[in-house]
Amino acid sequence: MNLSQKYRPTSFDGILGQEDIIHILRNQVVKKRIGSSYLFLGPSGSGKTTLARVLAMAVNCGKPAKGNPCGKCDSCRAILKGQTYDVIELDIGSYRGIDSIKRIEMTTKFMPFGEKKVYILDEVHALTSPAWDATLKMLEDCGDYILFILCASDDDIPAVARSRCQEFTLQCLEPKMIAQKLSIINQKERFGLDQNSLRFIAEFAQGNMRSAEMMLAQVINLNHGQPKPKQIRKFLQTRMAEI
Ligand SMILES: Nc1ncnc2c1ncn2[C@@H]1O[C@H](COP(=O)(O)OP(=O)(O)OP(=O)(O)O)[C@@H](O)[C@H]1O
Ligand SMILES: [Mg+2]
Ligand SMILES: [Zn+2]
């Protein structure tokens, strides 16, 4: 498991930045005002897929605390392990065509075990045009036990789709926030990097938390696992020059 997966937040509390969005979603969970379709836009590594998974868990949680999924009830545990049909995640980047939409549409007839049946359509901008038509029809016709969460890192989304969803645009993360999370990982994993090195990485990541976590995993292995700040800076500069 890489650092990004290991440290992917599993509650609203763990998601950095995106304050207004988190505030609204948390409140919707608490007040049971969940909509039927959401669209999460924003740059890569800002937390779209993470947020979709947290929301899916929150709406089904038996004991949410301040809107956060508890992570411990039967529903949360099943979702975390990927052992439930109540949350279905489809990577549209790999399955772009109408067939994949038809296949999931068939399953929308079946009621969830818990509160909501959630479909996360990740990288939804990659849908083909006929697949978009099928998706829009599905969004219109579904029962109120269904929740659709569409995520896209490209905002080339048909206007008709946008108008059917509650749209939220995530922002790229401030270097300060990235450094804050890197610092926690650094401590937990006992990597022993100094704060300056963590700040370099946070700057180089250009707002993308996943990139920062990937860079961290690389630099800790410089110099037999005892990297010096200078070596880290040199490595990152070379890495940037190659992009
Ligand atoms: N706002 C955030 N707070 C804390 N960690 C984050 C945040 N955003 C991203 N991460 C970290 O980065 C990893 C990737 O995040 P995620 O998959 O949610 O990004 P994304 O916006 O869906 O990116 P992409 O457009 O590339 O799919 C997560 O596993 C998590 O470790
Ligand atoms: Mg994603
Ligand atoms: Zn729970």
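Laboratory data are not the source of any read-out in this text; all were calculated from the coordinates shown. What you see is a predicted model, and the numbers here were worked out from it, not measured in a lab. Please note: Cβ atoms are built from the backbone with ideal geometry, for glycine as well, and neighbour counts cover all protein chains shown.
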Relative to the Cα centre, what is the charge dipole magnitude of the chain, using +1 at the beta carbon of each Lys and Arg, -1 at the beta carbon of each Asp and Glu, and rounding to the nearest 20 debye?
960
Decide, for region 175-242, between rounded, prolate and oblate: order the square roots of the alpha carbon gyration tensor eigenvalues as a ≥ b ≥ c, take rounded if a/c falls under 1.5, and otherwise choose prolate if a/b is larger than b/c, else oblate.
oblate
Could you tell me whether the chain comes out rounded, prolate or oblate from its Cα gyration tensor? Rule is a ≥ b ≥ c as square roots of the eigenvalues, rounded for a/c under 1.5, then prolate if a/b exceeds b/c, otherwise oblate.
prolate
Based on the alpha-carbon gyration tensor of region 66-162 and its eigenvalue square roots a ≥ b ≥ c, which shape applies: rounded if a/c is under 1.5, prolate if not and a/b is larger than b/c, or oblate?
prolate
If Lys and Arg each add +1 and Asp and Glu each add -1, what is the summed charge of the other residues whose beta carbon sits under 11 Å from the beta carbon of residue 180?
+2
Distance between Cα centroids, region 210-243 to region 109-169: provide it in whole Å.
38
Where does the longest stretch of the chain lie that holds no trypsin sites (Lys or Arg not before Pro) found in a DSSP loop with 10 or fewer other Cβ atoms within 10 Å?
110-189
